[in-house]
Amino acid sequence: MSQLSRELALRVALASRVLPGVDVPKLISVLHEKVGSPLDDEKLKAITVTNLKTGIGSLDGEEDGEDIGIGLENIKLAVRYLWGEEEGDEDLPQAMPYKEGDMPESIRVAVASNSGSLLNGHFGSCIRFLVYQLSRDDYRLIDIRSTVEADSADDRNLFRASMIQDCHVLFVQSIGGPAAAKVIRADIYPIKVPDVIGAVEKLREFQQVFDAPPPWMAKALGRGPEERKRFAAHE
């Protein structure tokens, strides 16, 4: 990365973050193979979805790139970053003002996301967390938290967990065991959602849990011990 300008290095780093299992050195190797070296703006803009996919696949021993385990949407997003379009996420939702008490009997939910308002991020590589306040009948996006600073942290997973420590639930496409342990230690309940889905769609589905919340959720909602005991018995 030393031979790259700051701008090009950032583009490569951002692309790497949305390609699970592909670190920066591995991605640079793929780019050199596909477009030659030294890398410059023109070469990065020549990268296509197909050659990035096959390049990653060839390093993993999957010549056709079909079984590399990285979703097509993530590969498309990585290409956009390589092209220098990291600011072009025009589907990014707008956070709304919120103050404590605005939404009684609610919890705070973090959604790992790489694009727009989709739940499509892996915990260790997602570009941002969408933070929602959620009650039985309402939801509100209250914050969008970029994870860019996590890349320079000594413990990236711990840093990411600390970013959402005010949340009660984390929706994420994937999360490893050690990272999940750090999230749980921060009193956040991680829930894996392997398929890409709209964040709001998942929140609406989750609202049904408010009718008979598990003990941890009843506690977050401020329900008393007696109620939590009743909910536990009901489960």
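The values are calculated or read from the model by the stated rules, or taken from the named source; none is laboratory data. In this text the structure is predicted, and so the values were computed from the model without any measurement. Neighbour counts are summed over all protein chains in view; Cβ atoms, including those assigned to glycine, are modelled from backbone coordinates with ideal geometry.
Checking Asp211, Asp187 one by one, the residue that is within 19 Å of the chain's Cα centre (by Cα) and farther than 26 Å from Val18 by Cβ is Asp187 and no other. Suppose we keep only residues that are among the β-branched types (Val, Ile, Thr) and either in contact with a Leu (Cβ under 9 Å, 6 or more places away or on another chain) or touching a residue at least 60 places away in the same chain (Cβ under 8 Å) (or both) within segment 1-34. Which one would you say is surrounded by the fewest Cβ atoms within 10 Å (Cβ to Cβ)? Looking at the filtered set, the residue picked out is Ile28. Scanning segment 160-184 for residues that are more than 18 Å from Pro20 (Cα to Cα) and at pLDDT below 95 yields a count of 0. Only a single item in (1) crowded, with 23+ Cβ neighbours inside 10 Å; (2) within 13 Å of the chain's Cα centre (by Cα) is not met by Leu118, and it is number (1).
Yes or no: Ala233 at pLDDT below 95 and surrounded by 15 or more Cβ atoms within 10 Å (Cβ to Cβ)? Taking the combined requirement at face value, the residue does not satisfy it. Taking the criterion of being part of a helix (DSSP H, G or I), of a type in the set (Asp, Glu) and either out of contact with any Asp or Glu (no Cβ under 8 Å at 6 or more places or on another chain) or within 23 Å of Ser174 (Cβ to Cβ) (or both), would at least one residue in segment 48-60 satisfy it? Within segment 48-60 (the criterion being part of a helix (DSSP H, G or I), of a type in the set (Asp, Glu) and either out of contact with any Asp or Glu (no Cβ under 8 Å at 6 or more places or on another chain) or within 23 Å of Ser174 (Cβ to Cβ) (or both)), the answer is no, since none of the residues qualifies. On inspection, Arg140 qualifies as among the charged types (D, E, K, R) and more than 27 Å from Val24 (Cβ to Cβ).
Considering segment 35-51, the residues that are out of contact with any Lys or Arg (no Cβ under 8 Å at 6 or more places or on another chain) and buried (at least 17 other Cβ atoms within 10 Å of the Cβ) include one that is nearest to Gly71 (Cα to Cα), namely Lys43. If the Cβ limit is 6 Å and pairs must be 6+ apart or interchain, which residue in segment 188-214 that is in contact (Cβ under 8 Å) with a residue 40 or more places away in the chain and in the same structural domain as Phe123 (by TED's automatic domain parsing) pairs with which residue that is surrounded by 15 or more Cβ atoms within 10 Å (Cβ to Cβ) and assigned to a helix (DSSP H, G or I)? What qualifies is Pro190/Ala180; Pro190/Val183. Test Ser135 against the stated conditions and say whether it is among the hydroxyl-bearing types (Ser, Thr, Tyr) and under 16 Å from Ala112 (Cβ atoms). No; evaluated as a whole, the condition is false for this residue. Among the residues of segment 144-182, the ones that are over 13 Å from the mean Cα position of the chain (by Cα), outside any strand (DSSP E or B) and under 23 Å from Pro93 (Cβ atoms) come to 5 in all.
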